[in-house]
1. Specify which of the listed residues (Leu36, Leu40, Leu52) is among the hydrophobic types (A, V, I, L, M, F, W, C), in contact (Cβ under 8 Å) with a residue 24 or more places away in the chain and assigned to a helix (DSSP H, G or I).
2. Could you list all residues from segment 1-17 that are in a helix (DSSP H, G or I) and either exposed (fewer than 15 other Cβ atoms within 10 Å of the Cβ) or acidic (Asp, Glu) (or both)?
3. For segment 252-267, give me each residue that is under 23 Å from Ile214 (Cβ atoms), of a type outside the set (S, T, N, Q) and buried (at least 17 other Cβ atoms within 10 Å of the Cβ).
4. Any residue at all in segment 360-383 that's in contact (Cβ under 8 Å) with a residue 60 or more places away in the chain, in contact with a strand residue (DSSP E or B) (Cβ under 8 Å, 6 or more places away or on another chain) and farther than 29 Å from Val286 by Cα?
5. Hey, can you tell me all the residues within segment 367-387 that are more than 17 Å from Gln321 (Cα to Cα) and open to solvent by 60 Å² or more (accessible area, probe 1.4 Å)?
6. Step by step: first the residues of segment 201-224, then only those that are under 20 Å from the mean Cα position of the chain (by Cα) and of a type in the set (S, T, N, Q), then the one that is surrounded by the fewest Cβ atoms within 10 Å (Cβ to Cβ). Which residue is that?
7. Out of all the residues in segment 338-346, is one or more in contact (Cβ under 8 Å) with a residue 60 or more places away in the chain, crowded, with 17+ Cβ neighbours inside 10 Å and under 16 Å from Gln250 (Cβ atoms)?
8. Among the listed residues Val66, Val80, which satisfies the condition of being surrounded by 15 or more Cβ atoms within 10 Å (Cβ to Cβ), among the aliphatic types (A, V, I, L, M) and under 27 Å from Glu261 (Cβ atoms)?
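The values are calculated or read from the model by the stated rules, or taken from the named source; none is laboratory data. Remember, it's a predicted structure, so these values are computed and weren't measured experimentally. Ideal geometry is used to build each Cβ from the backbone, glycine not excepted, and the neighbour counts take in all protein chains shown. With ligands, DNA and RNA removed, areas are computed over all heavy atoms of the protein, side chains included. Shrake-Rupley method; radii C 1.70, N 1.55, O 1.52, S 1.80 Å.
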Amino acid sequence: MVCIKKRFFNLNRLLLIAFGLWPDEETIFTRFQATLLCSLLISSIVFQLSRLFIAECSFDFIVRIVSSTTIYIMITGPPVSYWIHMKTMKCILNQLQYIYDRLKDRNEIAIYDKYGYIGKHITTIVIILLVCCLFGNSVIVYWPYILDIIIPRNESYAIHMMQFVTTYFNVSEKYYFLIVVHLNAASTIGLIVCVGTGTMLFSYLQHICGMFEIASYRIEQAMAPELLHNFDIKNKIIIWREMICAIDIQRQAMQCAKCFETSLEGTTFILVITTVLCVSCNLSQVFQIEALMEEMNEVLIHFSVVSFILTIMFVSNYAGQEVIDHSNHVYVITYNVAWYLAPLHIQKLILLLLQRSNKIFSLNIYGLFTASLECFATLVSASISYFTFMYSMQ
């Protein structure tokens, strides 16, 4: 028996097990690990929001703090939500394993493997990008201190970063290093866990797309012309069995998707609002800088954040669009098969399937947002609109 956890989710396990978020291994120690992780991430958000109550506020200062805080909310949301719904994630994983174990046809297994490997390959690419980003971040943050030790001079190499951090958060210079270590540790660990949970959720959706594809394949096999032209008792049994199996796996795909949607609905709604605010505030920070060439480091930071957020928005909505397209494909296949050659009772079954598939199946967030490429365009448009408003308020 093939274990899909080892075949398709082994990289996710490496990222999550160190922080107590791997669904299969939930103990008192892993709960303690997850609690420490969530405490670190939440504390970074609390610290930044506390500046709004402690420091003297202005509109520009509020935008500056929100542009930073929303980033940490985005990397905190998926791990915390995943931890809260750990049992649900485990149930979905077990359901995917159960479906895989029931597949007997080689073509169906190949389809399931294809979508499983798509999720794994995407995970591999994201992990490589993560390693590059973390390496670059470490160089930017810690390289000035290394230079101070290796090639000391009258003025510290880290003085520019110190001025940037103390000005950005309006804190005393004596707390500078503590703040840098705290926020950098939270962002590094948060990104690792966010990649682990995010790619795992993406792989879940890829498996659901594979289940829809198998449903389409079974309908094609059931309504093959050679079976319909020679409609004897044996072929009648084959058609009924294939149609029942197709409807069953379509139902299971919808159930997994709805379970996935219901568990993460609240968190996703908060993250959608956060992403729009994050993009708007960071764009506003870029255009607020008077001397772009002199503050190139800050400009690059904000542009990197905007690019990162837009990429996440696109990938998330693309995954939702894939679910819609594969669900619609079942309807297209059902409509295009030679149903007119089938007996009346088979045609009635196909009619019921068409009525069921005619309604677009999608991942909704409280009926306000639908994960799709159209939703991505809407969110980008909203971000630019809010950025324009903020810019006009300066």
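1. Details: Leu36 fails: in contact (Cβ under 8 Å) with a residue 24 or more places away in the chain; Leu52 fails: in contact (Cβ under 8 Å) with a residue 24 or more places away in the chain.
Every option except Leu40 fails the conditions.
2. At the first step, the residues of segment 1-17 found to be in a helix (DSSP H, G or I) are 4-8, 10-17.
Residues satisfying the conditions are Lys6, Arg7, Asn10, Leu14.
3. To start, the set of residues in segment 252-267 that are under 23 Å from Ile214 (Cβ atoms) comprises 252-261.
Subsequent filtering for residues that are of a type outside the set (S, T, N, Q) retains 253-254, 256-261.
Listed by number, the residues that qualify are Ala253, Met254, Cys256, Ala257, Cys259, Phe260, Glu261.
4. yes
5. So in segment 367-387, the residues more than 17 Å from Gln321 (Cα to Cα) come out as 381-387.
Scanning segment 367-387 gives Ser381, Ile384, Ser385, Tyr386.
6. Gln206
7. Checking segment 338-346: not a single residue is in contact (Cβ under 8 Å) with a residue 60 or more places away in the chain, crowded, with 17+ Cβ neighbours inside 10 Å and under 16 Å from Gln250 (Cβ atoms).
8. Criteria check complete, one pass: Val80.
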